[in-house]
Amino acid sequence: MFKKIAATSLLVIISTSSFAGQKICTPIGGMAMPTFSPQADGSVRITAALIGSVSAASGTITAQRETKSGLEMDLNHYFLNNTGGSFHTVDHAELTAVPGKSGNFMIEINYSIEKESTTGTFKGYEGNFKSYGLVDLNNMEGLVRYSGEICKL
């Protein structure tokens with residue numbers, strides 16, 4: 001009897017420890033409608049209502065450069081969901097000018113989660129995700145689709 005209990009206990013310990021080190025991944029995706037707001041200090045604030053994995057975002061354009069095809073931007077964002085989770089990202093965006101539509105750009109953004117910034121239901125998650133869409137800098141608005149997968153140990 002003792003041998004059966006010991007063997008069962010050992011199996012439980014081994015099984016539990018193998019699950020403890022497993023990577024847990026979750027898809028992230030949805031749509032965002034950003035609004036760009038120039039600030040008194042010259043920076044541009046981004047706010048957006050989102051549908052999907054996150055429900056709100058706020059960000060800042062930290063640097064902007066002209067390129068042959070349009071613009072390149074460095075950004076950061078704070079994302080929140082409706083279950084108490086949040087995270088901060090450091091991002092890079094490529095904006096390609098739409099021919100014949102001054103101030104309109106196709107946009108592609110790569111987001112990198114700062115692991116130490118994660119809270120609540122996003123605690124411990126890390127990784128990258130992306131978005132693409134259109135922005136109208138004349139009217140300071142846009143529409144983007146974001147997607148990817150984030151993971152934690």
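So the values come out like this:
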quantity	calculated
Some residue of segment 143-152 being part of a strand (DSSP E or B), loosely packed, with under 14 Cβ neighbours inside 10 Å and not acidic (Asp, Glu)	yes
Residues that are in contact (Cβ under 8 Å) with a residue 40 or more places away in the chain and either in contact with a Lys or Arg (Cβ under 7 Å, 6 or more places away or on another chain) or over 19 Å from residue 22 (Cβ atoms) (or both), drawn from segment 103-132	125, 129, 131
Out of 6, 57, sole residue that is out of contact with any helix residue (DSSP H, G or I) (no Cβ under 8 Å at 6 or more places or on another chain) and modelled with pLDDT of 95 or more	57
Selection status of residue 49, touching a residue at least 12 places away in the same chain (Cβ under 8 Å), surrounded by 13 or more Cβ atoms within 10 Å (Cβ to Cβ), in a strand (DSSP E or B) and not β-branched (Val, Ile, Thr)	no
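Residues checked against (1) within 18 Å of residue 34 (Cα to Cα); (2) part of a strand (DSSP E or B):
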position: 59; (1), (2): yes, yes
position: 65; (1), (2): no, yes
position: 77; (1), (2): yes, yes
position: 84; (1), (2): no, no
position: 101; (1), (2): no, no
position: 107; (1), (2): yes, yes
position: 110; (1), (2): yes, yes
position: 128; (1), (2): no, yes
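The values are calculated or read from the model by the stated rules, or taken from the named source; none is laboratory data. Quantities reported herein were computed from a predicted structural model and do not represent experimental measurements. Virtual Cβ from ideal backbone geometry, glycine too; neighbours counted across all protein chains shown.
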